[in-house]
Structures are given as structure tokens and as C-alpha cells.
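To start, the structure under review is shown below, and the notes come after it.
The values are calculated or read from the model by the stated rules, or taken from the named source; none is laboratory data. Computed from a prediction, not measured in an experiment: that's the story for all the values here. Neighbour counts are summed over all protein chains in view; Cβ atoms, including those assigned to glycine, are modelled from backbone coordinates with ideal geometry. Calculation scope for accessible area: heavy atoms of the full protein, side chains included, ligands and nucleic acids excluded. Shrake-Rupley method; radii C 1.70, N 1.55, O 1.52, S 1.80 Å.
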Amino acid sequence: MRAHPAGPLHGGMTPPPSVGLPPADLGVLDPQVWPRSARRVDGELHLGGRPVTELARAHGTPLFVLDEADFRGRAADFAAAFADADVHYASKAFLCGQVARWIADDGLHLDACSGNELALALAAGFPADRIALHGNNKSLVELQLAVDSGIGHVVLDSFDEIDRLVPMAAARVAAGGAPVPVLVRTTVGIEAHTHEFIATAHEDQKFGFSLATGDALTAAVRVIREPALRLTGLHSHIGSQIFDTAGFEAAAHRVVGLLGQVRQATGEVLGELNLGGGFGIAYLPDDDPVGPDDVARRLGAVVAAECAALDLPVPRLAVEPGRAIAGPGTVTLYEIGTIKPVRLGSGGHGAPQVRNYVSVDGGMSDNIRTALYDASYTCVLANRTSDAPPALCRVVGKHCESGDVLVRDLWLPADVQPGDLLAVAATGAYCWSMASNYNYLLKPPVVAVRDGVATEVVRRQTLSDVFALDAVLADVPPPATAPSQPAPEHPAGVRSTSSRVGAEAQS
Ligand SMILES: *Cc1c(COP(=O)(O)O)cnc(C)c1O
């Protein structure tokens, strides 16, 4: 196992990790990292039964390719592992109408973190009673949408929010409606990232009601006494990209303790316990996350033991995986534009002396995670394999930022060249959903692939879409040849692969 930093608390850049020795086979697709349908066929990467050169030709690059069977398979794995619990897909990882329908059809719940995520899910026909609304600063309009649409839970995050919600809920009750079901989000003083967790008495962050100060108990008591609200349980979320269950177990200990305090203060036995999301995924072949079965077994055991100790009935559990469902099944395809060898000084100890800056046609506008969190990714030459010797490379975007890095250090075959396609693995979570228009680059499309069929589930943003927001340019047509206007034929991947080396099948 190797740790890599993740999450906003590791936002400062750390020194580049040692890239290690080149693997024996640079084209190999590690099943920990690549989508379940990823194969090499005659050297070329296929996803969902589609060759990447055809996907790039039909849809352009950069392109998010989403393996539907992988995404839905991981959702189903969580649902099966947590058969006696509720699995909420944390939609901020990646949400579009098609994904909302898959999650609805597959019987999971959905978390929204804003009124617009909620509006999107409702517009896609997602059943309101299976939606929970999160957020530390929900507006009146967002809360009203939640109340009017009859969502399953509003996850309360502050006393101000309770003040805002109560009159709306009271109006609904006065009109003959049901009280609004809510959870109280508690901040339990456990902060977890990857391999470590920190347990503190206080937690210095913006979410939730502090357990240590007594605010969480105060909030729970206040909500229980409010007839227009129905407190169904407690919520805790401790971090993201977590690789073991110790942090969840520590959080469960504290939040079950709060269930006991609530019973003592009010006589009320709350029936639901939502332990949040944050289950890690493999971005690199050495990453070793826990699977849903292990998570379910350990969480179930610790909650049962804590409840037994306090003589409380075991509440219904809920979990909220986002990254663990959406992350691994999506790959970003880019076309290489330039390659620039940069001398790194004298080296020594056999260290490589040249780093090749491999520039692709996207970057921090479609994947901000490397720049923001110093996240680690891996990628492969996708349109062909090569038996050229390994070369130390850094894959960078085309933005005007030297921090515009996609893959900090990796080995690629020394004969990579402009026009080749690169595929970056595990970009399904927090990439498209965090995309920006920096440098007026346009948001890439998302294409779902399954059993040889490719379906564009989100089209590419066009320059006309962006001009439409501009007071001066709204009615001005972009130049007909502007990049990323819908193009009949995209040049990506059209170079012949047949004359190249190493056309061998792998998986
Ligand atoms: C972001 C978030 C999640 C999902 O986190 P992942 O790391 O994607 O699993 C779950 N619950 C809450 C409250 C969140 O804010």
C-alpha cells in the first residue's frame, strides 16, 4: 500500500512522489485502477466494447468515457453489501440526468448538496422521498424546494437553518402536510484522510453541530420539540478518500454516544444513523481501498457493539458513497499536442536527467484535483501499445498556469508523439463536476459506453453556449472554425496504428 494525499486539508503542494522504477509493461491495465470493461484489443484500449480512437473521432477530446456497467456495478455492490441499510449516492461526485435515472432505477438514494443538484435530480424524475439535501448554507429558496417536493431528509447543519426551516415546515403542516423529516449533522471530532484519522475534542470546520460543545445535543432536543419537524436520526461525515474503517469506527462510537444522550434528555430513541461517505478508491495500482463488503461488516459490527453497550436498539444505518461509485469507471481521453524534453540537472544515483512535458488538449479545467489536492493519477498510451523504452514524463494541460498538471510523474513509452491518445484513469468523481471554463476552455462531453454502444449523456459545451452568457457577445456567432465548436471530423486518434510496434492483446 502507498498513501497519497487527498482532500482539502492537504491542499498545499508536497514534493513529487518518487516515481519508482518503470513497470515491466507500460501498457498494462491494472484492474484496480481501470474500469471493469477496459481491455487492450490489438494494442488499442477499448472501453465498454468501444475502441478509444473511434470514441475520440466521434466525440472529440478531451472526453470523459463512463463505463456504465462499472458505475452501476459499484452502486449494486454497495446496495448488496448494505442490504439492511440505505445507500445514498453522493451526487456531487458526478451528476447528470442519466446518472440520476440509473441511481433511481437501481433503487439507491441520492444526496444533493445544493438546490440545483436537487432540482436536477427531480427534473430527471428521481423519487423525492429518496433524496437528502445537505449543505452548510442552504438558502430559503433551496429549503422551500426541499419542503415543497417532499424530499426524504433535510440534513440540518446550523441553528440559523433550523430557524429558516421551521416556518416553512409549519406552513406545510398547517396545510395538512406531514412534518419535514430531518437529520442533525454532528461534527464528531474525527477527521479522516486515506490512512490516518485524527480524533480531537473539537473540530475546526464549517459543517455540522459540534458534539464536543453540546451544540449537537441542543439541536437534537430543539428539533424533537418542534412539531413541524420530525427528527429521524443523526448524521456524521468524516472525510474523503479513506482507506480503512478505523475512522468510521471511532466516529460511530461518538455518534452512538449522542444517541444515548438524546434518549437521556428527551426519552426519544432515534431510529436512523447516517455515517456519511468518503470510501477511498485506487488511483494508482498500489492503492488498496477496502471494499463495500468489509466496510458494511465492520460498521455493522461496531454500531451493534456500541448500541449494546448503551442498551439502545440498533438504528437503521445509511452510508453516502460518491467517489467509490463514480470514480473508478470513468477515464478521460486526451490527445497529445506537444512534447518538450526538459533537462533536470545532473541527476546522480541513476536518477533520470530529462523529464518530458507531455501537453494534452485539456487540463485543470477538466481535472482540478492534481492542482487542488496534489492528487495522484496514472495514465497510459491508449491508441496503441509500444515496446519503446520508458521515458520519465509529466502530463500537463494547456492552461496558463504552471500548476496545470494532470499526472505529476510517470513512465510512458519514449516514442509517444503528438496525435497519440492518452487515457487518464479514475476520473469519474470530482473532475467533470468541478470543471471550469478557465481560459475559456469548454467543458468536455461525457459518453457512456456499454456492450459496444456509446451514448453521449452530456454533450460538449460550445463557444456559443458560453457567448450566450456574455452581454456583448450573446448574439455574435463564434468564428466558424473556433476550437471545440461541434466538428464533423475530429483529428484525434486518426493516425494509423497498424505500422506501430507491440500490437498485443492485454487486459
Ligand atoms: C461529499 C460527501 C459525501 C461523499 O464523499 P465521497 O468521498 O465522494 O464518498 C458523502 N456525504 C457527504 C455529507 C458529503 O459531503
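Looking only at residues in the stretch 309-336 that are among the hydrophobic types (A, V, I, L, M, F, W, C) and part of a loop (DSSP other than H, G, I, E, B), the one that is surrounded by the fewest Cβ atoms within 10 Å (Cβ to Cβ) is Val314. Among the candidates Asp366, Asp311, Asp387, the residue that is within 21 Å of the chain's Cα centre (by Cα), of a type in the set (Asp, Glu) and away from the ligand (no atom under 16 Å from the Cβ) is uniquely Asp366. May I ask you to list pairs of residues, at least six apart or on different chains, whose Cβ atoms are under 6 Å apart, with the first in the stretch 416-435 being within 11 Å of Leu63 (Cα to Cα) and within 16 Å of the ligand (Cβ to nearest atom) and the second being open to solvent by 20 Å² or more (accessible area, probe 1.4 Å) and in a loop (DSSP other than H, G, I, E, B)? The qualifying pairs do not exist here. The residue that is farthest from the ligand (Cβ to nearest atom), counting only those in the stretch 82-102 that are among the aliphatic types (A, V, I, L, M), buried (at least 18 other Cβ atoms within 10 Å of the Cβ) and in a loop (DSSP other than H, G, I, E, B), is Ala85.
Note on the stretch 124-144: residues that are closer than 16 Å to Val180 by Cα and either modelled with pLDDT under 95 or small (Gly, Ala, Ser) (or both) total 2. Per the listing Val303, Val262, Val319, the residue uniquely within 16 Å of the ligand (Cβ to nearest atom), of a type outside the set (Gly, Ala, Ser) and assigned by TED's automatic domain parsing to the domain that holds Pro181 is Val319. Restricting attention to the stretch 288-307, report how many residues are in a loop (DSSP other than H, G, I, E, B) and under 20 Å from Glu191 (Cβ atoms). So the answer is 2.
His253 - would you say it is more than 16 Å from the ligand (Cβ to nearest atom), closer than 25 Å to Phe78 by Cα and either open to solvent by 50 Å² or more (accessible area, probe 1.4 Å) or among the hydroxyl-bearing types (Ser, Thr, Tyr) (or both)? Against the criterion (more than 16 Å from the ligand (Cβ to nearest atom), closer than 25 Å to Phe78 by Cα and either open to solvent by 50 Å² or more (accessible area, probe 1.4 Å) or among the hydroxyl-bearing types (Ser, Thr, Tyr) (or both)), His253 qualifies. Just one of the numbered conditions (1) open to solvent by 10 Å² or more (accessible area, probe 1.4 Å); (2) touching a Ser or Thr at 6+ places or on another chain (Cβ under 9 Å) is not true of Val65: (1). Arg164 falls short on exactly one of the conditions (1) under 17 Å from Ser91 (Cβ atoms); (2) more than 22 Å from the chain's Cα centre (by Cα), and that condition is (1). Flag: Ser386 matches the condition of being of a type in the set (Ser, Thr, Tyr) and over 30 Å from Ile238 (Cβ atoms).
Output the number of residues of the stretch 30-58 satisfying the condition of being surrounded by 20 or more Cβ atoms within 10 Å (Cβ to Cβ) and closer than 26 Å to Arg394 by Cβ. Total satisfying the criteria: 13.
Criterion applied to Thr213, Thr218, Thr194, Thr200 was being under 16 Å from Glu161 (Cα atoms), β-branched (Val, Ile, Thr) and assigned by TED's automatic domain parsing to the domain that holds His88, and the one residue passing it is Thr218. Of the strands (runs of 3 or more DSSP E) lying entirely inside the stretch 133-248, those carrying at least 2 residues that are open to solvent by less than 30 Å² (accessible area, probe 1.4 Å) and more than 16 Å from the ligand (Cβ to nearest atom) are 180-187, 229-235.
Name the residue that is farthest from Ala324 (Cα to Cα), counting only residues in the stretch 263-287 that are open to solvent by 60 Å² or more (accessible area, probe 1.4 Å) and either at pLDDT 95 or above or not in a loop (DSSP other than H, G, I, E, B) (or both). Here the residue is Gln264. The set of residues in the stretch 438-469 that are open to solvent by 50 Å² or more (accessible area, probe 1.4 Å) and in a loop (DSSP other than H, G, I, E, B) comprises Lys443, Asp451, Arg459, Ala468, Leu469. When Ile339 is tested against the conditions (1) open to solvent by 50 Å² or more (accessible area, probe 1.4 Å); (2) free of Cβ contacts under 8 Å to residues at least 60 places away in the same chain, the lone failure is (2).
Among residues belonging to the stretch 103-116 that are touching an Asp or Glu at 6+ places or on another chain (Cβ under 8 Å) and more than 15 Å from Pro321 (Cα to Cα), point out the one that is least open to solvent (accessible area, probe 1.4 Å). Among residues in the stretch 103-116 that are touching an Asp or Glu at 6+ places or on another chain (Cβ under 8 Å) and more than 15 Å from Pro321 (Cα to Cα), the one least open to solvent (accessible area, probe 1.4 Å) is Gly115.
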